[in-house]
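Here the structure is laid out as structure tokens; the discussion comes afterwards.
The values are calculated or read from the model by the stated rules, or taken from the named source; none is laboratory data. This one's a predicted model, so the numbers in the text were calculated from it and none came from an experiment. Cβ atoms come from the backbone with ideal geometry, glycine included; neighbour counts cover every protein chain shown. Side chains included, ligands, DNA and RNA excluded: accessible areas come from the protein's heavy atoms. Shrake-Rupley method; radii C 1.70, N 1.55, O 1.52, S 1.80 Å.
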Amino acid sequence: MAYRLIKKYPRSIYKGNKEVKQHFNYLLVIDFESTCKKYEKMEPQEIIEFPCAAVSTKTWNTENVFHEYIKPKVHPVLTSFCTDLTGIIQDMVENQPHFPEVFDKFCKWLEEHNYFKEGNDCAFVTCGDWDLKSMLPAQCELDNIPLPEHFQKWINIKDTFCEATQYYPRSLKDMLTFLKIPLHGRLHCGINDVENIVKIIQTLQSQHNTEFKINTAPNLLKKKIVNV
């Protein structure tokens, strides 16, 4: 009976009609694209697209966007598989700076808009844990860059989606389909993926009265593994 009630009524009913209080002023949506090969993992993988959209939790609109392409150092020539998957052609990265310069520019962008400053709490949002659990730490290690503390915890939108809808999504496309949101652009294009995640956030907030909270960090990842 409880299962039927959950399926029959929107989850927001159980939270009451009052909108939940959000923990953050801005949600910073990130989705990296990286070098890759077909049928095998490229070593090392390198970030080649770095998009981030800042979504205000007051208006639920995107207020600022950071978007840069990056030329990889170790494998500077993109594979045909990488281009087919991401839509990123060689010309789009060929004359772009390497990761350290772009990451420094991104950190200055965060400072410029006072994200993570006192009184302006923010959280990164990703689709899955790969971007901030694996890719960014590996890239920073490759370039000998200390990883700032605020990159070490984030909101995995898949877990938030599951808590709000009682359905665990397999992918970004699965979330869009479930919420009946048309796909914008193409999958595995970093900036398009970010824009689609923003639409998911907006729909979860408006239709499910969703609370966006940190659900992934080193200690939380250990708990997930233990609970499996």
Flagged pairs (Cβ under 8 angstrom, 6 or more apart or on separate chains; first in segment 75-88, more than 15 Å from G185 (Cα to Cα); second loosely packed, with under 13 Cβ neighbours inside 10 Å and among the β-branched types (V, I, T)) are L78/I89; T83/I89
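The rows are residues; the columns are (1) modelled with pLDDT of 95 or more; (2) of a type in the set (S, T, N, Q); (3) crowded, with 17+ Cβ neighbours inside 10 Å.
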position	(1), (2), (3)
E111	yes, no, no
N114	yes, yes, no
E118	no, no, no
T126	yes, yes, yes
P137	yes, no, no
N144	yes, yes, no
E149	no, no, no
I155	yes, no, yes
Limited to segment 61-89, what total is found for residues that are surrounded by 14 or more Cβ atoms within 10 Å (Cβ to Cβ) and closer than 26 Å to W109 by Cα?
12
Of the conditions (1) open to solvent by 20 Å² or more (accessible area, probe 1.4 Å); (2) touching a helix residue (DSSP H, G or I) at 6+ places or on another chain (Cβ under 8 Å), the single one that N192 does not satisfy is (2)
Residue in segment 158-170 that is most open to solvent (accessible area, probe 1.4 Å), counting only those that are without any contact (Cβ under 8 Å) to a residue 60 or more places away in the chain and within 29 Å of F116 (Cβ to Cβ):
E163
Within the group K108, K71, which residue is among the basic types (K, R), out of contact with any strand residue (DSSP E or B) (no Cβ under 6 Å at 6 or more places or on another chain) and free of Cβ contacts under 8 Å to residues at least 24 places away in the same chain?
K108
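Per-residue answers, yes or no, for (1) in contact with a His (Cβ under 8 Å, 6 or more places away or on another chain); (2) open to solvent by 30 Å² or more (accessible area, probe 1.4 Å); (3) within 30 Å of I89 (Cα to Cα); (4) free of Cβ contacts under 8 Å to residues at least 24 places away in the same chain:
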residue	(1), (2), (3), (4)
I181	no, no, yes, yes
H188	no, yes, yes, no
N209	no, no, no, no
T216	no, no, no, no
Which condition does V102 not pass, out of (1) of a type in the set (V, I, T); (2) loosely packed, with under 15 Cβ neighbours inside 10 Å; (3) touching an Asp or Glu at 6+ places or on another chain (Cβ under 9 Å), if it passes all the others?
(2)
Just the residues that are at pLDDT below 95, closer than 30 Å to I70 by Cα and surrounded by 12 or more Cβ atoms within 10 Å (Cβ to Cβ), please, taken from segment 6-54.
M42
From the options E63, E68, residue that is under 22 Å from Q205 (Cβ atoms), modelled with pLDDT of 95 or more and within 19 Å of the chain's Cα centre (by Cα)
E63
Residue that is open to solvent by 20 Å² or more (accessible area, probe 1.4 Å), under 21 Å from Q45 (Cα atoms), at pLDDT 95 or above and out of contact with any Gly (no Cβ under 8 Å at 6 or more places or on another chain), where the choices are K133, K173:
K133
